[in-house]
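I have placed the structure first, in the form of structure tokens, so that the comments after it can refer back to it.
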Amino acid sequence: MTLTKKLILGVLLAGGAGTGGYYGYNYYHTKDIVVVQAGEVVRQDLAQSVAANGEIKPKKSVNISSNTMGRIVHMPVKEGAHVRTGDLLISLESIQTEADVESAQATLSAAETELAGMTSQIKSNEAAIASAKADITRVQAEQSRAKLNLDRAESMNKKGLIAREQYDSTKSDYDVASTAVTAAKARLDQAEAQAAQTLNQRESASMRLAQQRTQVIRAKDQLSKTIITSPLDGMITYLPVNEGEIAIVGIQNSPGTTLMTIADMSVITAEVKVDEADIVNVRLGQEAEIKVDALGDKKLKGHVSEVGNSALTRSGGTTSNQGGTQEAKDFKVVITLDEPPDTLRPGLSCTVTIITARTSKVLTIPIQALTVREFDDPNDPLKRKKIEKEGVYVLKNDTVLFKPVKTGITGTTDMEILEGLSENEKIVTGPYQALRGLEDNKKVKVEQAEKKK
């Protein structure tokens, strides 16, 4: 090997040794340094929200069904049509019910005529009674006069002042007058008996008349049920029947035919199911944003108008006070839309974000910066118990220090800090694996700082 080659080889060996020594030194001094991401404590407005899925529903809707069985002969409306209260929806076949009404009215007219005849008969009986009483008064006067004549004749007959024939004639007149009084009283009793009988007949006729009026009302009610009108202003959202089909009446637990559904579209709601962990923060009147899948990215405004008190299981139905099911539960929440567009339709899927709390100009940190550490319980002298504290790691030059904090509301990506930090203080925000292993005074290297404007 020549001298030149030896010199070159020596230089290469020396250079390699120097490079290896440099990297060895650098690795020794950096192997305990943790690479972290950092951010700052910033002051900003914060909103806490609850998200839930559901569907668009009208505030009020009515399923129209029939109260009588019959064939649909006329239906002047279509699905999607707007109707007002009292508008004709469906006419059912009514030949039999119309005949029933006419028959009941004819029977009622006959009963009214009968009652009118009874009333005339009562007046006639009253007149007969008055006449009989007058006859009694007249014949009683004649009887009294005949009695005076008879007494006078008897006195004169004892004195021999009148002939026997005249006495007998006077006595006969008295007997005739007495018989007339008896006959007149008999006629009065008969007239009163007839009047009482007529009154009883009128009472029966009045009862029959009332029954016939009830029959007319029932027949007219059955006839009215063949005409179905709208009970509210709204839109026909469901119409499964056609002219010619039979409307079936529900019996006991078997529902009848649903002829159509009318929805009051003046008040539109979004009905959603909120998880049991979030329902405690939902209150009446809270503002909400509604995103309807069919409307793209457009967001609608609304407010909470109803919060359910009964939990709903994920499999459907309400929970019972009995039993210990561990199935996840939701609560029904209704959001009333403030200005619903005309394009909304019942049943559209939607996502609702309910704003449960708002704060203004508060200290915040990214949610991922919050971590939990265990410390000895100061109340346990044996130091066997541990307590957990929430906090963040604050950057101090190239090391970190754990600071316990008190948190407030939680937004989408940030969390409110009530105590423990100051504005613009630099903190460790990630990554998650690095945060798990951090300890006080650990050396760190900031990879990327996240600043919020």
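Mean sequence separation of contacting Cα pairs (under 8 Å, at least six apart), scaled by the length of segment 377-426, corresponds to a relative contact order of 24 percent. Using R0 = 30 Å, the C-beta based FRET efficiency linking Thr137 and Ser172 works out to 0.85.
Here the simple spin-label model places points 7 Å from the Cα toward Cβ, and for Ser124 and Met69 these points are separated by 4.9 nm. For Lys59 and Lys220, what does the FRET efficiency come to when R0 = 35 Å and r is the distance between their Cβ atoms, rounded to the nearest 0.05? Using R0 = 35 Å, I get an efficiency of 0.55. For segment 289-298, backbone phi angles converted through the Karplus equation (6.51, -1.76, 1.60; θ = phi - 60°) give residue-by-residue couplings of 10, 10, 10, 8, 4, 6, 9, x, 8, 5 Hz, Gly and Pro being listed as x. On full extension, the segment bounded by Lys298 and Glu79 gains 76.2 nm, given 0.36 nm per residue less the C-alpha separation. Under a 5 Å amide H cut-off, with hydrogens placed 1.01 Å from N, Gln286 pairs with Val304 among residues at least 5 apart or on other chains.
Going through the cross-link list Lys301/Lys329; Lys59/Lys332; Lys78/Lys291; Lys361/Lys426; Lys403/Lys426, which pairs have a Cα-Cα distance over 22 Å in this structure? Table pairs above 22 Å Cα-Cα are Lys301/Lys329; Lys78/Lys291. Assuming charge only on the beta carbon of Lys and Arg (+1) and of Asp and Glu (-1), the dipole of segment 327-440 about its Cα centre is about 240 debye to the nearest 20.
Around the amide H of Glu425, modelled in the peptide plane, lie the amide H atoms of Val41, all under 5 Å away and 5 or more residues distant in sequence or on another chain.
To the nearest 0.05, what FRET efficiency results for Leu232 and Thr336 with a Förster distance of 25 Å applied to their C-beta separation? Walk me through the numbers on the way to the answer.
Numbers: r = 18 Å, r/R0 = 0.71.
It comes to 0.90.
Straight Cα distances below 15 angstrom link Lys389 to the aspartates and glutamates Glu374, Asp376, Asp377, Glu419, Glu439, Asp440, with same-chain residues fewer than 8 positions distant left out.
Legend: helices of the chain (whole DSSP H runs) are marked when their alpha-carbon atoms reach 15 angstrom or more along the helix axis and their mean Kyte-Doolittle hydropathy is at least 0.0; marked are 3-30.
Taking the square roots of five times each eigenvalue of the Cα gyration tensor of segment 267-418, the equivalent ellipsoid has semi-axes of 40, 24, 12 Å, listed largest first. Each other residue within a Cβ distance under 14 Å of Asn125 adds +1 if Lys or Arg and -1 if Asp or Glu, for a net charge of +1.
In a fully extended conformation the segment linking Glu245 and Ser109 would gain 45.3 nm over its present Cα-Cα distance, using 0.36 nm per residue.
Between Arg345 and Leu382, the modelled label-to-label distance comes to 7.1 nm, taking each label 7 Å out from Cα in the direction of the beta carbon. In terms of its Cα atoms, segment 96-224 spans 94, 15, 13 Å along the principal axes, sorted from long to short. What share of all Cα pairs of the chain, in percent, falls into each consecutive 10 Å distance bin? P(r) for the chain, in whole percents per bin: 4, 10, 11, 11, 10, 8, 8, 7, 6, 6, 5, 4, 3, 2, 2, 1, 1, 0, 0, 0, 0, 0.
Inter-label distance, Ser204 to Glu419: 9.6 nm, where each label sits 7 Å from its Cα along the C-beta direction.
All of the numbers you see were taken from the coordinates with simple rules; none came from a lab. These numbers were taken from a predicted model, which means no experiment stands behind them. All Cβ positions, even for glycine, are placed from backbone atoms using ideal geometry, and neighbour counts span all protein chains on display.
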